[in-house]
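Report on one structure; see the data block that follows.
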Amino acid sequence: MSPKTLYDKIWDAHVAHEADDGTCLLYIDRHLVHEVTSPQAFEGLRMAGRKVRAPEKTIAVPDHNVPTTPDRVNGIENPESRIQVEALDKNAKDFGIHYYPVNDVRQGIVHIVGPEQGWTLPGMTVVCGDSHTATHGAFGALAHGIGTSEVEHVLATQTLIQKKSKNMKVEITGKLQPGVTAKDITLAVIGETGTAGGTGYVIEYCGEAIRNLSMEGRMTVCNMAIEGGARAGLIAPDETTYEYVKGRPHAPKGAQWEAAMDWWKTLYTDEDAHFDKVITLRGEDIAPVVTWGTSPEDVLPITATVPRPEDFEGGKVDAARRSIEYMGLEAGQKLSDVEIDTVFIGSCTNGRIEDLRAAAEILKGKKIKDGLRAMVVPGSGLVRAQAEEEGLADIFKEAGFEWRLAGCSMCLAMNPDQLQPGERCAATSNRNFEGRQGRGGRTHLLSPAMAAAAAITGRLTDVRELM
Amino acid sequence: MEKFDKVHGVAAPMPLINIDTDMIIPKVHLKTIKRSGLGVVLFDEMRYHDDGQENEEFILNKPAYREAEILVAGDNFGCGSSREHAPWAIKDFGIKVVISTSFADIFFNNCFKNGILPIVVEEEHHAILMEDAHKGENARMTVHLEDQQITTSDGVVIEFDVDPHRKHCLLNGLDDIGLTMEKDHHIDKFEDHASQARPWV
């Protein structure tokens, strides 16, 4: 048999039908659902008189719209948001799918809840009507975002119509320097490939620096595979993965666990398997980074200066000019001189316990800059509870951060957590697009530790100066 | 779904690269539980000033392009969020074809599910089409799906590729779910097999 990549192996194990032209019906093991991209899909089922084919493999949780202030226990004030969340309540009940309602302690961002509850397991196919589904690739699961029509397709048939993508290997060799995190890795990779560099590919991340990451760090890396244009990101499962999964509410137990382990241990890329593209970065060369523009590829080490549009080529010249103007920056300005108004720590990229620990480590015993707005939005109710138990919540609160309830919050600003026009935010989220965090808002993406450093000084800051 | 055959109409140029789905439709308009009526907020933040007045500089607000049915866009169009509200808004506005040098994967898939034809062309062809689109309402392009050809207002013919299955579905207005349900027995068989091989799933 010819050697296979990890992607090849998972793909082959899930093809329910292949047509002559290579179009496949790919079987889906887990379908995650949230309130924004699903109402039209459920409506479509109702209109056609269809059922959910595998409700036991379908898990729903509201996250995008939900307020993160304590008063949300009294209901959602915004009528449109409330209607969307109520629609999910009803759809979950009517169609009999697993559900974590807004005031359940297990509620949170769908990509944090899935792994936390043991729904996401190695070797699975996982989809969700959300581009950051790539997160689950950290477990060696083939996971990607889909549109609402495809959500309806999966609800009705438990399959997706797919053609196979190409294989890309991204290897991060060696060890990371102090102050450098998974977020810096994933941003540095996008800086290298560009936001369209991964289009048509599934990426497998490997190398010593990836192996040394915790599951939380691996999820951060895979989460942003989509920002590089890739359909999915994958990391082969290993002891770190099994350790994380074991004992989770929906993870296999007893003899089933043993059987699962037997299969999971075959989930790696064979020696000499073919990759269509290979990118290698040295872990030692990666610095703490920030974005300066309005695309995740606009990334530079914190020690750099804002580039000049004329340093780019083709369509990027105009795009860079537009970005620099939108961001209110000047070419040649030191990134570490850029003053910020707001700090946001959270999101499916960096809203897990390890992210909160990393930020708290920098903030311990310190105060945020006067006049700054800073908030921590834990990725799930359980992350929040754990952070309170570990004393992290107190560190944040004493430093001057708001300590919020779980949700997507200011990552996409669908709920009341939004930037004002011109307001500048250091954010641990995943997109710095124009208007992403609120109309006219300016976003600099960075790691949780870097966000904490920026909160203390009130400007983009090299976290290594505070370590 | 409506059948897709031929489009003969005005093409609007949007040369900016990396136009993301947040630009195509900002999140404030994702709170709907319907698919329809989003055309009015297509490209909302570029199309309207903060006070809600139209931005006259924006391409689709210019008299020549208000009825555009084709969009010629810069590289990596539709990147970012998976929101299908983006193609819903494009379709509702009246645009049936988007041409670029590359598209983000999820957006590209979403187009076909909504009767929109996304066309990938080489850079040199893209330049010809972009130039043609700049000519305004008197310059109408024709996109012929059956023949896989784009004809510019000057009669230049550019051929394009399209996946045969997707072409078939667009031409015939076929609904994917119905087609897949015809293969139900394959899915049943797969589930039987998988529940033996991986009972923990």
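Every number here is computed from the coordinates shown, using simple stated rules; none is lab data. The structure displayed is predicted, hence computed values, not measured ones. Positions of Cβ are backbone-derived with ideal geometry, glycine not excepted, and every protein chain shown enters the neighbour counts.
Computed from the C-alpha gyration tensor, the three semi-axes of the ellipsoid equivalent to region A:1-82 are 37, 18, 10 Å, from longest to shortest. Of all the Cα-Cα pairs you can form in region A:66-200, what percent are over 27 Å apart? Here the long-distance tail beyond 27 Å is 36 percent of all Cα pairs in region A:66-200.
Here's the list of lysines a cross-link from A:Lys90 could span, going by alpha-carbon distance under 25 Å and ignoring same-chain residues fewer than 8 apart: A:Lys51, A:Lys57, B:Lys27, B:Lys31, B:Lys34.
With the alpha-carbon atoms of region A:299-365 aligned to their principal axes, the span from lowest to highest coordinate is 43, 25, 20 Å, starting with the largest. By the count of other C-beta atoms within 10 Å, a proxy for reagent exposure, A:Leu160, A:Leu187 are ordered fewest to most as A:Leu160, A:Leu187. Excluding the site residues themselves, the longest part of chain A lacking any GluC sites (Glu not before Pro) in a DSSP loop with at most 10 other Cβ atoms within 10 Å is A:1-270.
Summarising the label geometry, the points placed 7 Å from Cα in the beta-carbon direction at A:Ala48 and B:Asn138 lie 4.7 nm from one another.
As a rough footprinting exposure proxy, the listed residues A:Asp94, A:Asp462, A:Asp29, B:Asp50 were ranked by other beta carbons within 10 Å of their own, and the order from fewest upward is B:Asp50, A:Asp94, A:Asp462, A:Asp29.
Amide H to amide H, with H built 1.01 Å from N, A:Asp298 comes under 5 Å of A:Gly293, counting only residues 5 or more places away or on other chains. Amide H to amide H, with H built 1.01 Å from N, B:Val72 comes under 5 Å of B:Ala12, B:Met14, B:Ile99, counting only residues 5 or more places away or on other chains.
Kirkwood-type hydrodynamic radius, region B:147-198: 14.4 Å, calculated from all non-identical alpha-carbon pairs.
Annotation: amide H-H contacts under 5 Å for A:Glu35 (H modelled 1.01 Å from N, sequence separation of 5 or more, or interchain): A:Asp63, A:His64. Equivalent-ellipsoid semi-axes for region A:32-139 (Cα gyration tensor, √(5λ), whole Å, largest first): 22, 19, 11. Using θ = phi - 60° in the Karplus curve 6.51 cos²θ - 1.76 cosθ + 1.60, the 3J(HN,Hα) couplings for region B:55-71 round to 8, 5, 6, 6, 3, 6, 8, 6, x, 5, 10, 5, 10, 4, 10, 10, 10 Hz; x is entered for Gly and Pro. Here the residues A:Ser409, B:Ser100, ranked from fewest to most Cβ neighbours within 10 Å of their Cβ, fall in the order B:Ser100, A:Ser409.
Of the trypsin sites (Lys or Arg not before Pro) found in region A:403-467, none is in coil by DSSP with at most 15 other Cβ atoms within 10 Å of its Cβ. Its DSSP H runs of at least 4 residues, each contributing -39,500 (n - 2.57), put the calculated 222 nm mean residue ellipticity of chain B at -8500 deg cm²/dmol, to the nearest 500. If the Kirkwood radius is taken over C-alpha pairs of region A:1-47, then at 10 °C and 1.306 mPa s the Stokes-Einstein diffusion coefficient equals 117 µm²/s.
Hydrodynamic analysis of region A:331-467 uses the Kirkwood radius over alpha carbon pairs. Inserted into Stokes-Einstein at 20 °C and 1.002 mPa s, it gives a translational diffusion coefficient of 148 µm²/s.
Modelled this way, with points 7 Å down the Cα-to-C-beta line, the labels at A:Glu402 and A:Glu388 are 1.8 nm from one another. For region B:103-200, relative contact order (Cα pairs under 8 Å, six or more residues apart, normalised by length) works out to 20 percent.
Summed over qualifying helices (DSSP H, 4 residues or more, each -39500 (n - 2.57)) and divided by its residue number, chain A shows a 222 nm mean residue ellipticity of -9000 deg cm²/dmol. Annotation: Cα Rg of region B:43-201 relative to the compact-globule expectation 2.2 N^0.38 Å equals 1.29.
Across region A:191-345, the fraction of Cα-Cα pairs farther apart than 29 Å, rounded to a whole number, is 35%.
A compact globular protein would have a Cα radius of gyration near 2.2 N^0.38 Å; the ratio found for the protein assembly as shown is 0.91. Karplus-derived 3J(HN,Hα) values for region B:152-167, using 6.51 cos²θ - 1.76 cosθ + 1.60 with θ = phi - 60°, are 6, 5, 8, x, 6, 9, 10, 8, 9, 8, 8, 4, x, 5, 5, 4 Hz; glycine and proline are entered as x. Per residue, the convex hull around the alpha carbon atoms of region B:1-72 comes to 123 Å³.
The equivalent ellipsoid of region A:100-142 has semi-axes of 19, 11, 7 Å, largest first, where each one is the square root of 5 times an eigenvalue of the Cα gyration tensor.
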